[in-house]
Amino acid sequence: MASDYDTRTDARSDVPPHPHAAPGGARHVEIIDVRHTTWWGSAAWAGVIAGVVFAVLQMTLTATLLGGSFWGPLQMIAAILMGPDVLPAVADMTLSIMVVGLLIHFGLSIIYGLIIGAIVHAMTLGPALLVGGLFGLIAQYLLNFYVLAPALFPWFVEATHWVSWLNHVIFGLVAAGVYITLRDRRVHRAPEM
């Protein structure tokens, strides 16, 4: 049985040569080392995925292990824009508080995903996880909760507990791991005709 694929020239006999074809009809394949640049789309998705993991863990652990309100973390985040009148001690959760909290949370998650992607883009998985975890602990937890929160959003001071620092470390681990995984799946080839 005849094949449409000529294995000697790496060219199909029924397809005209690609503009980048080598002599004899073989197609030029360009392979790019994906570690030379930051893949911003992958970094943004890494932030979103890490944000989902963070939100689920923070809300669940706050309610089950700390006895707080399940919606409390989202209300605290929404208060960044809406003010302290939407905090759990003052207000019940509403759809508008939830939407504002989620928009702020995922906006920040994407920003942090972009930063982590830029930092770890040239690393292998192991070092990237280490850096991501440290970023979550230092840049996200310590800086936000001990420098920014006391000055700008004092209600976050009550969230300086082990669940918060652990979840920020997990956010960094997940964002770095997802970024590296998405980056390593990228293969660039010259367009085929």
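Taking the conditions exactly as written (assigned to a helix (DSSP H, G or I) and either touching a helix residue (DSSP H, G or I) at 6+ places or on another chain (Cβ under 8 Å) or of a type outside the set (Lys, Arg) (or both)), does residue 66 satisfy them or not? No; evaluated as a whole, the condition is false for this residue. Only one of the numbered conditions (1) assigned to a helix (DSSP H, G or I); (2) under 14 Å from residue 176 (Cβ atoms) is not met by residue 110, and that is (2). The single residue among 52, 56, 48 that is at pLDDT 95 or above, hydrophobic (A, V, I, L, M, F, W, C), under 18 Å from residue 109 (Cβ atoms) and exposed (fewer than 12 other Cβ atoms within 10 Å of the Cβ) turns out to be 56. What's the number of the condition residue 88 fails, among (1) surrounded by 15 or more Cβ atoms within 10 Å (Cβ to Cβ); (2) at pLDDT 95 or above; (3) touching a Gly at 6+ places or on another chain (Cβ under 9 Å)? All conditions pass for residue 88, except number (2). Pairs are defined by a Cβ separation below 7 Å, a sequence spacing of at least 6 or placement on different chains, a first member in region 136-156 that is farther than 25 Å from residue 120 by Cα and assigned by TED's automatic domain parsing to the domain that holds residue 114, and a second member that is surrounded by fewer than 16 Cβ atoms within 10 Å (Cβ to Cβ) and of a type in the set (A, V, I, L, M, F, W, C); the pairs so defined are 149/157; 150/157. As a summary of the residue check, residue 135 satisfies the conditions (1) outside any helix (DSSP H, G or I); (2) at pLDDT 95 or above except for the one numbered (1).
The values are calculated or read from the model by the stated rules, or taken from the named source; none is laboratory data. Note that the coordinates shown come from a computational prediction; the quantities given were computed from them, not determined experimentally. Cβ coordinates were reconstructed from backbone atoms using ideal geometry, including for glycine residues, and neighbour counts include every protein chain displayed.
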